[in-house]
Amino acid sequence: MQFDFATVLVFLLVGAGFVFIALFVGRFLRPNLPDPQKASVYECGERAIGSGWFNFNPRFYLMALVFIVFDVEVALTFPVAVVVRDWIARGDALVAVVEIALFLLVLAAALAYVWGKGHLDWVRDIEGPGDEE
Amino acid sequence: MNVVQHAADRFMRWAFSVDPATWPHAWIVYAGFILLAAVLAVGFVALFAGPVTWLERRVAGRIMSRIGPNRVGPQGVLQWLADGIKCFLKEDLVPEGADRTLFRIAPYFVFGGMFGAFVVLPFGVHLVAADLNVGLLYILAVTSLVVVGLLMAGWASNSKWALFGGVRSAAQLVSYEIPSAFSLMAVILFAGTMSMQGVVAAQGGWPWDWFLFRNPFLFAAFFLYFTAAIAEGNRTPFDLPEAESELVAGYNVEYSGMRYLFFMFAEWANLWIMSAVATVCFLGGWQIPGVSPAEVAAAEGLAFVGWQALSFLVFAAKASALILVVVQLRWTVPRLRIDQLMFTCWKYLVPLSFVCILGVLALMVVVREGGTVDMILRAALLIFGFWAVVEYARRIRRTYLADKALYERMEGKAMWYPPYRMP
C-alpha cells in the first residue's frame, strides 16, 4: 500500500521535474531579449486598456458551488458503490438500492431546486429570478 | 502485489542475494525502480503526444481537403519534433504586469495533474505502475489539478482574453466532471471495485463480455462518459476555453515557447487518458480474446513477455480507435456556445447519468446474471452496437465517395494518391 502511494508521489515529482528540466535546460539555449513591446499584453494589436484584473462577473461561481455539492457526493458514494455487488450477493439488495437511491434522490432534488431558480443558465437576465442575492 | 515492487524484489534477490523484507537499503532500489517506471511513462507521454499532433493535423487536412504538414521527414511524420525543438528554442516571455510566480508555475500543475493519471492506467496484463485500490477515484481527483493550473494561467496573465478563457475552462471542467464521475460510478457499481485492473478483470476478451454490452445503462454511460471526457479535454465541440475564433487562444494566450508547449502537451496526452479510461471501463481493457488472465499469469519466460506485448497491442488498438473517433469529431462537429455548453451538461448529462446509476442498480437487483433476460439484453445490445459500427463506417465511405466523385468531375484528376505518394 505504501509502495503504491510512493509511486504516486514519485510520478508527481517526475512530472514536475520534467517540466522543470525542460525549462531549465532551455534557459541556456533560448534567447532572452526583453522589449516593452514584447512584454505588453495581447489585445488584438491594440494597446491594452487598463489591467486584466477588473471586476469580473463570475458566472461560474454558482456552478462551482453546485459542483462541490455533487463532487463531495461522488466521493461519498464511490465507496458505497464498491460494496453494492457484495450486498446483493449476500441478499441485502434492498438495503443497497434504497440507500443509494435515497442519496441520489436528495441530490436530484437539489439539482431541481438550482435548476428551478435558474442558476444553471449561463445567460441571465439582470432582473430575472436568478439574481436575487 | 505491486508489479514494480515485485520486479524490484526479484532484482534484489538476484543482484545482491538479500531478502528485500529485512534489507535496510531496499528503499533505494525501490525508489530507483519507481523512478524508472515514471521515466518510462514520461517517455510514453512524449512519444504519444508528439506524433498524435501530426496525425491529427494530417486527418484535419484530409477532412478539410488540404494537405497538412508534409515537409519534415517522410509524409511529415517528424513535424512534431520540429515543432518541439522550435518551441524549446523560443524566448520565454512573461507579460508586463503579470503575476510572475503564478504565471511560471501554472504549467507544472497542468502537466503534473495530467501525468499523475498515468500511475494507475493499465497498459497490459502487468503493465501498470501502481494498481491503486481507489484507481478511478484517484484519476478523477488528480486530473482536477489541471483546472487549478488553467485558472492560475488565466488569472496570472493579467490579460482579458486569458481571464475569459480561464474562467470558462474552470466552469466547463468542473461541470463536466460530474457526468463523467457519475458514469464511472455506474461502472464501479457493476464491477464492484475501483481498481483499474479489477475493472478489467471483471470483463472478458470478447465483445459480449465487455461492460459496454453487459447492461443497457452501461451502454448509455459509455456515451455519457465519452461526451463528458471530450469536454474535460477541451476538444472541439467543447473547446470554448481556447475558442480560436472568439478568444484567440484563451488561458494560454500570453504563453510562449516551452511553457506554452506544456499546455498543449497536457491536452494531447489527455487524449490518451480519456481513451484509456473508456477502454478500461467499457471496452474490456487489455483482455485478449480467447485467452484467460489465469493463462497469462501462468506463463513464464518468453511466453510471458509475448502475452504482455499482445495485451498491450490489444489495449493500444482499442484506445487508438477511440482517439481516431475523437480526432474525427473535432473536425466535423461545430463548436457549441458557452450557454449551450452549460445547458448540455447540467440539464441533460447530469440527470441522464443519475438515471444510468439507478438503472444499473435496478437491473443488477432484478435481472439474474447469466439468466435468459440478461442474455437477451446482451444479445440485443451487441447487435445494436455492431450495427452502429457498420453504419458509421458506411456513412464515412459514402461521404468519401461523394467527395471524390465531385473532385474528379471538377479537376479532371484523381483526388487521393496512393499512401506512399501522398503530397
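The values are calculated or read from the model by the stated rules, or taken from the named source; none is laboratory data. Since the structure is predicted, the reported quantities are computational estimates derived from the model, not experimental observations. So basically every Cβ, Gly included, is an ideal-geometry build from the backbone, and we count neighbours across all protein chains shown. Keep in mind that these areas ignore ligands, DNA and RNA; they rest on the heavy atoms of the full protein, side chains included. Shrake-Rupley method; radii C 1.70, N 1.55, O 1.52, S 1.80 Å.
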- Item | Accessible surface buried upon B-A contact (total; probe 1.4 Å; Å², nearest 100) | 7100
- Message: With the crude spin-label approximation of a point 7 Å out along Cα→Cβ, what separation in nm comes out for A:Ala93 versus B:Val148?
- Response: 4.3
- Item | Over chain A: helical MRE at 222 nm, DSSP H runs n ≥ 4 each giving -39500 (n - 2.57), nearest 500 | -23000 deg cm²/dmol
- Task: Keeping the other protein chains in place, figure out the carbon and sulfur percent of the accessible area of the stretch B:172-325, with a 1.4 Å probe.
- Result: 72
- Query: Accessible area drop of at least 40 Å² (1.4 Å probe, protein heavy atoms): which residues of the stretch A:9-28 qualify, relative to the chain alone?
  - Reply: A:Val10, A:Phe11, A:Leu12, A:Val14, A:Phe18, A:Val19, A:Ala22, A:Leu23
- Arrange the residues B:Lys86, B:Lys318, A:Lys38, A:Lys117 by how much accessible surface each exposes, largest first, with a 1.4 angstrom probe. B:Lys86, A:Lys38, A:Lys117, B:Lys318
- So what's the net charge close to A:Asp71: Lys and Arg +1, Asp and Glu -1, counting the other residues with Cβ under 14 Å from its Cβ? -3
- Note on the structure: Taking only C-alpha positions in chain B, Rg and Dmax in angstrom work out to 23.2, 78
- Task: Sticking with the crude label model, points 7 Å out along Cα→Cβ, report the distance from B:Arg394 to B:Asn133 in nm, one decimal please.
- Result: 4.9
- Message: Need one value: the accessible area of B:Val291 in square angstrom, 1.4 angstrom probe, rounded to the nearest 10.
- Response: 30
- Query: Per residue Cα convex hull volume for the protein assembly as shown, in cubic angstrom?
  - Reply: 200
- Sites A:Ala101 and A:Val69, calculated FRET efficiency, Cβ-Cβ separation with R0 30 Å, nearest 0.05: 0.95
- Leaving ligands, DNA and RNA out of it, report the carbon-plus-sulfur percent of the accessible area of the stretch B:48-122 at a 1.4 Å probe. 65
- Quick one: among B:Val174, B:Val373, B:Val389, which has the greatest mean-square fluctuation in a GNM of chain B with alpha-carbon springs under 10 angstrom? B:Val389
- Task: Using a Gaussian network model of chain B whose springs link C-alpha atoms within less than 10 Å, name the residue from B:Gly233, B:Gly50, B:Gly301 with the highest mean-square fluctuation.
- Result: B:Gly301
- Diffusion coefficient in µm²/s returned for the stretch B:1-88 by Stokes-Einstein, Kirkwood Rh over C-alpha pairs, 10 °C and 1.306 mPa s, is 98
- With only helices counted (DSSP H, runs n ≥ 4, each -39500 (n - 2.57)), the per-residue ellipticity at 222 nm for chain B, to the nearest 500, works out to -22500 deg cm²/dmol
- Rounded accessible area per residue of the protein assembly as shown, 1.4 Å, Å²: 48
- Within the stretch B:47-84, which residues have the backbone N less than 20 Å from the label spot 7 Å out from B:Lys404 along Cα→beta-carbon, could you tell me? B:58-68
- Have a look at B:Ala117, B:Ala26, B:Ala405 and tell me which one the Gaussian network model of chain B (Cα, springs below 10 Å) gives the largest fluctuation. B:Ala405
- Message: Can you list which of the DSSP-assigned H helices in chain B have a Cα extent of 27 Å or more along the long axis and an average Kyte-Doolittle score of at least -1.0?
- Response: B:26-63, B:160-191, B:257-282, B:301-330, B:372-411
- Task: Express the Stokes-Einstein translational diffusion coefficient of the stretch B:62-144 in µm² s⁻¹, to the nearest whole number, given a Kirkwood radius over alpha-carbon pairs, 37 °C and a viscosity of 0.692 mPa s.
- Result: 195
- Query: Per q in 0.10 1/Å, what log10 I(q)/I(0) does a Debye calculation on the alpha-carbon atoms of chain A return?
  - Reply: -0.79
- Message: Taking the Cα centroid of the stretch B:317-362 and of the stretch B:59-123, what is the distance between the two, rounded to the nearest whole Å?
- Response: 25
- Cα Rg, Dmax, the stretch A:2-47, angstrom units: 18.4, 55
- With heavy atoms of protein chains only and a 1.4 Å probe, what residues of the stretch B:351-393 have at least 30 Å² less accessible area in the full set of chains than alone? B:Phe354, B:Leu358, B:Leu361, B:Met364, B:Val365
- Query: Which residues of the stretch B:76-106 bury at least 50 Å² of accessible area once all protein chains are present, versus their chain alone (1.4 Å probe)?
  - Reply: B:Phe88, B:Leu89, B:Glu91
- Note on the structure: So for the stretch A:58-116, using the alpha carbon gyration tensor with a ≥ b ≥ c as root eigenvalues (a/c under 1.5 gives rounded; past that, a/b versus b/c decides prolate or oblate), I'd call it oblate
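Rounded to the nearest 0.05, what FRET efficiency do B:Ala362 and B:Glu96 have when you use their Cβ-Cβ distance and R0 = 56 Å?
Given R0 = 56 Å and the Cβ-Cβ separation, E is 0.40.
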- Task: Treat each spin label as a single point 7 Å out from the Cα along the C-beta direction, and report the B:Ala46 to A:Val80 distance in nm.
- Result: 4.6
- Query: What FRET efficiency, computed as 1/(1 + (r/R0)^6) with R0 = 35 Å and r the Cβ-Cβ distance, is obtained for B:Asp374 and B:Met64, rounded to the nearest 0.05?
  - Reply: 0.15
- Over the stretch B:125-221, consider all pairs of different Cα atoms and compute the Kirkwood hydrodynamic radius from their mean reciprocal separation; express it in Å, one decimal. 15.5
